[in-house]
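Here is the structure we will look at.
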Amino acid sequence: RAQAQALGSTPAALLASAPDMVALRADYALEAAPEQDGLQWVLATPKARDGQLKSVRVGFEGERLAALDILDSFGQRSQIRFTGMQLNPALPAGSFQFKPPAGADVLKP
């Protein structure tokens with residue numbers, strides 16, 4: 001099934017559609033948020049009101065994704081910090097052998 005259908009209005013969908021600003025703006029209202037904790041923030045609010053997500057603040061350190069601050073429809077807040085990440089590290093092709101288990105859904109972009 002299509003990736004957009006499987007992910008809906010989730011933080012994963014937000015990150016997956018980030019390179020496509022047209023798709024991103026179709027699903028989310030975006031606005032700059034105040035700098036905090038040394039990070040530049042963008043507030044993403046889903047345009048669909050019936051989802052489980054109220055908003056996601058995406059924090060950047062320069063151009064690097066550094067944090068997600070997720071507020072769900074129940075008022076629960078989840079904070080995720082990305083540390084020790086390497087951009088495009090060299091990995092041997094043999095490192096990955098994809099074998100989905102029987103009955104698993106395989107998502108394609």
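The values are calculated or read from the model by the stated rules, or taken from the named source; none is laboratory data. Values in this document were obtained by computation on a predicted structure and should not be read as measured data. Cβ coordinates were reconstructed from backbone atoms using ideal geometry, including for glycine residues, and neighbour counts include every protein chain displayed.
Please report, ordered by residue number, the strands (runs of 3 or more DSSP E) entirely within segment 38-83 with at least 1 residues that are of a type in the set (D, E).
Of the strands (runs of 3 or more DSSP E) lying wholly inside segment 38-83, those with at least 1 residues that are of a type in the set (D, E) span 53-61, 64-72.
Take segment 81-109 and flag every residue that is touching a residue at least 40 places away in the same chain (Cβ under 8 Å) and surrounded by fewer than 10 Cβ atoms within 10 Å (Cβ to Cβ).
Selection gives D105, K108, P109.
Results for (1) of a type in the set (A, V, I, L, M, F, W, C); (2) out of contact with any Pro (no Cβ under 9 Å at 6 or more places or on another chain); (3) modelled with pLDDT under 95, shown as yes or no for each residue.
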| site | (1), (2), (3) |
| --- | --- |
| A32 | yes, yes, no |
| T45 | no, yes, yes |
| D50 | no, yes, yes |
| K54 | no, no, yes |
| L65 | yes, yes, yes |
| L71 | yes, yes, no |
| Q76 | no, yes, no |
| F82 | yes, yes, yes |
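Looking only at segment 18-37, how many residues end up being outside any strand (DSSP E or B) and either touching a strand residue (DSSP E or B) at 6+ places or on another chain (Cβ under 9 Å) or surrounded by 10 or more Cβ atoms within 10 Å (Cβ to Cβ) (or both)? Even if it seems obvious, please write down each step before you answer.
Taking segment 18-37 and keeping what is outside any strand (DSSP E or B), we get 18-27, 37.
Imposing the further condition that a residue be either touching a strand residue (DSSP E or B) at 6+ places or on another chain (Cβ under 9 Å) or surrounded by 10 or more Cβ atoms within 10 Å (Cβ to Cβ) (or both) reduces the set to 18, 20-21, 23-27, 37.
The qualifying residues number 9.
In segment 41-97, what residues are out of contact with any Lys or Arg (no Cβ under 9 Å at 6 or more places or on another chain), closer than 20 Å to A29 by Cβ and of a type in the set (A, V, I, L, M, F, W, C)?
Those that are out of contact with any Lys or Arg (no Cβ under 9 Å at 6 or more places or on another chain), closer than 20 Å to A29 by Cβ and of a type in the set (A, V, I, L, M, F, W, C): A48, L53, V56, V58, F60, L65.
Which one of the conditions (1) surrounded by 14 or more Cβ atoms within 10 Å (Cβ to Cβ); (2) closer than 19 Å to F82 by Cα; (3) out of contact with any Phe, Trp or Tyr (no Cβ under 8 Å at 6 or more places or on another chain); (4) at pLDDT 90 or above does W41 fail to meet, given that it meets all the rest?
Among (1) surrounded by 14 or more Cβ atoms within 10 Å (Cβ to Cβ); (2) closer than 19 Å to F82 by Cα; (3) out of contact with any Phe, Trp or Tyr (no Cβ under 8 Å at 6 or more places or on another chain); (4) at pLDDT 90 or above, the lone unmet condition for W41 is (3).
Take E61 and tell me if it is exposed (fewer than 12 other Cβ atoms within 10 Å of the Cβ) and acidic (D, E).
So E61 does not fit the description; no.
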